[in-house]
Structures are given as structure tokens and as C-alpha cells.
Amino acid sequence: MTDTPDATAPKRIVLVTGGAGYIGSHACKLLAQQGFTPVTFDSLSTGWAQAVKFGPLVQADLLDRAALDAAFAEYQPCAVMHFAALSQVGEATRDPGLYWRNNVCGSLNLIEAMVDAGCSNIVFSSTCATYGDQDGIVLDEDSSQNPLNAYGASKLAVEGMLRDFGVSHGLNSVIFRYFNVAGADPEAEIGEWHQPETHLIPVMIEAVAGARPALVIHGNDYPTHDGTCIRDYVHVMDLARAHVLGLDWLLDGRGNRVFNLGTGVGFSVAEVIAQCRAGTGHRVPHSFGPRRAGDAAALVSGSRRAVEELGWTQERSSLKLMIEDAWRWYKTGGYSG
Ligand code: UDP
């Protein structure tokens with residue numbers, strides 16, 4: 001992959017499930033910049049039509065097998081990037097059936113449609129939530145996986161599905177287990193926009209902007225240095241870049257591989273809040289509340305494998321830049337207009 005694709009080369013099509021969502025839309029932007037045509041397949045149940053700026057949109061649900069078959073027939077993608085999923089720990093804990101149906105049954109439909117269409121390359125968004133609580137160790141791809149909630153369990157199930165279809169049908173997969181994704185496109189064309197918002201950095205920004213009451217810290221009695229949960233935050237553009245590298249890996253025929261995408265450095269909720277002033281110029285109004293069910297005390301990962309094998313680099317994954325980019329995006333008004 002070069003930074004300046006040959007303008008005369010035929011465009012290669014990638015089907016991007018969840019391309020109207022936060023991470024998927026950033027991947028689409030980068031795919032388009034790299035000479036691919038991203039075709040978004042998205043139900044718009046949590047995504048935004050306004051985020052689909054870099055290629056066509058197929059508005060349909062992964063549970064709709066006929067719509068999947070039609071999309072594969074029309075576009076004949078060389079690969080799939082599979083982002084579409086529900087991803088809120090609290091909701092998953094309250095309503096696990098929703099997560100098993102959407103994330104697991106939807107992925108099975110997708111994989112079977114790929115097999116039938118002869119599309120054999122998939123980059124899959126998995127999660128650090130598949131690891132569960134691991135006493136604060138820095139995780140690697142061989143760490144044991146014991147998810148604490150239905151979100152992590154549903155992603156782990158899809159990882160198993162990909163392995164099985166690799167054996168039975170020669171499906172090639174790159175699985176990315178990501179840690180906490182944050183920030184936005186530095187050009188603020190696209191960004192994170194969930195309704196309702198539950199993720200720490202955008203909630204913090206809404207609290208700073210006065211768009212919601214004070215941020216509630218979910219628990220300060222965890223076994224961490226300040227009692228609040230520790231997470232490893234990665235910039236969404238760095239993550240998008242890893243996905244394009246994973247796609248190249250598959251198209252080069254390098255086979256199945258799992259990669260963690262973290263920075264190796266964890267920040268507590270209190271430390272993220274303390275950085276808010278550097279990124280936005282404002283302090284965050286906050287208070288303390290009870291723990292949120294399903295939260296692990298600490299999740300941090302190294303990314304040695306992704307760095308050494310994919311050549312992945314983290315260019316914007318400092319807390320300050322992630323908060324700055326998220327703040328710049330928030331001030332555009334997002335997709336609310
Ligand atoms: N968090 C919090 N208050 C909020 C949102 C999140 O204290 O309003 C905490 C949450 O309990 C977790 C961390 O921030 O420890 C990151 O949560 P987020 O929902 O952003 O991502 P997750 O780790 O669940 O994927």
C-alpha cells in the first residue's frame with residue numbers, strides 16, 4: 001500500500017458493515033484515501049447517514065440475509081470490514097439477548113453470505129472486553145479470554161465462528177481486539193456521535209459543554225491506584241489505519257491473525273478527567289456514583305504484534321490529542337443538524 005494510489009488502477013471494493021458508525025466511518029475515509037471504494041452496509045439503527053461520505057450506502061440489517069446477498073452480488077467486494085455491532089456494556093448486561101441476536105446471528109448471516117458469494121477476506125472488530133478482568137496485567141493476544149458481559153461474550157463467539165469457517169471454508173480473517181477508542185477525524189468531517197452517549201470521553205465533553213449534567217464516575221473503589229477504572233485509549237484514526245493494514249495483510253494472502261490494538265499505557269477515569277483541561281481548556285464537572293455492572297477494573301494491552309507484523313504506528317493516541325480532536329468535532333454540532 002502506498003500513500004499515493006495509482007489513479008488509473010481499478011478501484012477495489014470493500015463492504016464495510018457499520019460504515020455509518022463511529023469507527024466504521026473513519027475506516028471508510030481512510031479506505032477512500034487509499035484508493036478503495038468503501039460500500040457501507042448499515043441499518044442506521046445507531047449509525048448516521050451523514051457519516052457515509054466516502055462511498056455508497058446500502059441501508060439494511062445484517063439479520064436480512066437477502067439484503068446481504070444482493071449487496072455481494074451488486075458490488076462483488078474483495079473483502080469485508082465488519083464493524084456493525086451493539087457495543088454498550090451496560091445495555092449488554094441488561095439485555096443479553098439483544099447482543100447475542102445482533103452481534104452473533106448478524107455475523108453468522110454475514111459470514112455465510114460471504115462464503116456463498118466467494119468473498120474470502122474479512123477484517124473483524126473484536127474487543128478487549130473478550131479478556132475480562134485480568135488483575136491489571138498488560139494483555140497480549142495469548143492472554144486468556146473470559147468476558148464479563150454479553151458484549152464481550154458475543155464478540156468472542158464471532159472470533160470462534162471465524163476460526164471455524166477458516167477451517168471449513170478457507171475464510172481468511174484478521175481479528176482486531178481493540179481497547180478504548182477515542183478522538184475524531186482531525187479534519188472534523190466525521191466523529192463520534194451516539195444517542196444516548198455512554199462513552200467516557202464524549203460524555204465528558206458533553207458535560208463540559210453543559211449539554212448534560214455533571215459526569216458521574218462509575219465507581220471509585222476498584223483495586224487501582226486511585227480507585228477508578230483503568231483503560232487503554234487509542235485514537236480512532238490510528239485504529240482506522242490498522243484496519244487498512246489488516247486489509248493489505250489479507251489481500252497479500254498472509255492468512256488468519258489476531259492483533260491487539262492498544263497503546264500499552266492505561267489511564268484511570270480520574271486521570272482522563274484531569275486531562276480534559278489540556279484538551280478543551282475547561283474543567284469537567286463530575287461526581288462519584290456506584291460501579292457499572294460488567295466493568296473490569298483495568299484493561300491495558302501492548303501492541304507489539306501489530307507494530308512488528310503490520311507496521312502499525314500510533315500517531316495521535318495521546319490523551320490530549322484524542323480529547324482535542326473529540327472537542328473540535330463536538331463543536332461542529334455533529335450529526336444533530
Ligand atoms: N465511565 C464513567 N462515567 C461515564 C462513562 C464511562 O465513569 O459516564 C467509565 C466506565 O465505567 C469505564 C471507563 O469510563 O471504567 C470507560 O468506559 P467507556 O464506556 O468509555 O468504555 P468501555 O470501557 O465500557 O468500553
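Taking packing as the residue-averaged number of other Cβ atoms within 10 angstrom, the listed peptides 97-108, 226-237 run from highest to lowest as 226-237, 97-108. Between 0 and 90 degrees, the angle of helix 65-75 with respect to the longest Cα principal axis of the chain falls at about 70 degrees. Taking the protein heavy atoms of the range 1-120 in the context of the full set of protein chains, the accessible area attributed to carbon and sulfur is 52 percent at 1.4 Å. Counting only DSSP H runs of at least 4 residues, each contributing -39500 (n - 2.57), and dividing by the residue count of the chain, the helix-based mean residue ellipticity at 222 nm comes to -10500 deg cm²/dmol. Any chance you could give the angle, 0 to 90 degrees and rounded to 10, that helix 106-117 forms with the longest Cα principal axis of the chain? Helix 106-117 sits at roughly 20 degrees to that axis. Each part reduced to its alpha carbon centroid, the range 231-256 and the range 296-337 end up 13 Å apart.
Under the shape rule built on the C-alpha gyration tensor, where the axes satisfy a ≥ b ≥ c, the range 222-337 is oblate, since a/c reaches at least 1.5 while a/b does not exceed b/c. Find the percent of Cα-Cα distances in the chain that exceed 35 Å, and round it to a whole number. When every Cα pair of the chain is considered, 16 percent fall beyond 35 Å.
Accessible surface ranking for LEU31, LEU86, 1.4 angstrom probe, highest first: LEU86, LEU31. Overall shape: oblate for the range 80-126, with the ratio a/c of the largest to smallest alpha carbon gyration tensor axis at 1.5 or above and b/c at least equal to a/b.
Considering only beta bridges that DSSP places wholly inside the chain, some 5 percent are antiparallel.
Accessible surface of HIS225, taken over heavy atoms with a 1.4 Å probe and every protein chain present, rounds to 130 Å². Given axes a ≥ b ≥ c from the Cα gyration tensor, I'd like to know whether the range 35-88 is rounded (a/c under 1.5), prolate (a/b larger than b/c) or oblate. Here the range 35-88 falls in the oblate category. Within the same chain, aspartates and glutamates fewer than 8 places from LYS53 are excluded, and of the rest, those with a Cα less than 17 Å from its Cα are ASP42, ASP185, GLU187, GLU189, GLU192. With all protein chains in place and a 1.4 Å probe, the accessible surface of the range 233-312 carries 50 percent carbon and sulfur. Heavy atoms of the protein chains alone define the surface here; on that basis the chain has 41 Å² accessible area per residue at 1.4 Å probe size.
Relative to the longest principal axis of the chain, what angle (0 to 90°, nearest 10) does the C-alpha long axis of helix 319-331 take? On a 0 to 90 degree scale, this one is about 80.
The values are calculated or read from the model by the stated rules, or taken from the named source; none is laboratory data. All values reported here derive from a predicted model rather than from experimental measurement. Virtual Cβ from ideal backbone geometry, glycine too; neighbours counted across all protein chains shown. Note: accessible area is taken over every heavy atom of the protein model, side chains too, but ligands, DNA and RNA are not part of it. Shrake-Rupley method; radii C 1.70, N 1.55, O 1.52, S 1.80 Å.
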